[in-house]
Amino acid sequence: MPTWATKSPGQEKESNWLPASKDKFYLMMRLYWPDESDPTILNGSWIIPAVMKTR
């Protein structure tokens, strides 16, 4: 799922927009898992998707 972390990316993309300053910021992910069956980050069977920088 594309998520934008920047100044406003435009109204058509604001549903997945995380406002961020031009300065340095840290992107964090909080995960909640109901059990330990696969896929799970606990045993490595689920991998966090890569973050890609855009212009």
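The values are calculated or read from the model by the stated rules, or taken from the named source; none is laboratory data. Since we're looking at a predicted model, the values are computed, not measured. Backbone-built Cβ (ideal geometry, glycine too); neighbour counts: all protein chains shown. To get the accessible areas, we keep the full protein, side chains included, count just its heavy atoms, and leave off ligands, DNA and RNA. Shrake-Rupley method; radii C 1.70, N 1.55, O 1.52, S 1.80 Å.
Worth pointing out:
- Given charges at beta-carbon only (K, R positive; D, E negative), |dipole| of the chain in Debye: 520 debye
- Taking N as its residue count, the alpha carbon Rg of the range 11-52 over 2.2 N^0.38 Å: 1.61
- Accessible area per residue in Å² at 1.4 Å probe, computed on the chain: 102 Å²
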